[in-house]
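The values are calculated or read from the model by the stated rules, or taken from the named source; none is laboratory data. Quantities reported herein were computed from a predicted structural model and do not represent experimental measurements. Neighbour counts are summed over all protein chains in view; Cβ atoms, including those assigned to glycine, are modelled from backbone coordinates with ideal geometry. These accessible areas exclude ligands, DNA and RNA; they are computed on the full protein's heavy atoms, side chains included. Shrake-Rupley method; radii C 1.70, N 1.55, O 1.52, S 1.80 Å.
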Amino acid sequence: MAEVFLRRLSRWQAETQRESVADLYAAAHHDPPAGQAAPQREEFLRRFAGYDVQRPGFEMVIGSDPTLAGCCYGYPADREGEWIREYPGPDGPPGELRETAAAGRLFLVAGLMVLPSHRRRRVATRLQEALLMRSTGALALALIAADNAPAGAALRSWGWRPVDGRPRDVAGAAARREAWARPLP
């Protein structure tokens, strides 16, 4: 297999690559963890193009070999953003996370995906490291499906820790979430 090269994309470049990123999303989630339905490409594309890429401070790193093999993206959390509604636990995020977000020092990792053929080759590790290396935040936060054991294991291996908070239903859906955080240098 060819080496995967990383490249940072501007917001405009990410927007022009949205169809390729949606294809990557569909391929990366083709075989979801037991008990989870396969995510819908169009739903992802609507959120990615209509919300994620539009966030102030949006950052994205892709990995290619030369075709798109993976990507990781995120943005600084805002004071009252959607992340608060998606946060697990009946009371939402603890005060320290809200304060960090209000100070502009909380960076949300909104997406990380790698093609199955490129997994276990440190591509995801390199992507998240490259994304976070330029962040000016004090803390990174990721919200994952509570039953996504591979994602939890990967985050733990990278030094992320679960944030206290009980999983809950999000907007009446059966999607249970966990919050993971990692201090940034």
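Six or more apart or on different chains, Cβ under 9 Å: which pairs go from a residue in the range 155-184 that's closer than 20 Å to Arg126 by Cβ and open to solvent by 40 Å² or more (accessible area, probe 1.4 Å) to one that's among the charged types (D, E, K, R) and at pLDDT 50 or above? Could you list them?
Final answer for the pair search is Trp158/Glu129; Trp158/Arg182; Arg182/Arg161.
For the range 82-139, please list each of the helices (runs of 4 or more DSSP H) lying entirely inside it that holds at least 3 residues being at pLDDT 90 or above, under 30 Å from His30 (Cβ atoms) and of a type in the set (A, V, I, L, M).
Helices (runs of 4 or more DSSP H) meeting the threshold: 123-133.
Considering (1) farther than 16 Å from Gln13 by Cβ; (2) outside any helix (DSSP H, G or I), say which one Tyr51 fails and leave the rest.
If we test Tyr51 against (1) farther than 16 Å from Gln13 by Cβ; (2) outside any helix (DSSP H, G or I), just (2) comes out false.
Looking at the structure I just gave you, is Ala77 modelled with pLDDT of 90 or more and small (Gly, Ala, Ser)?
yes
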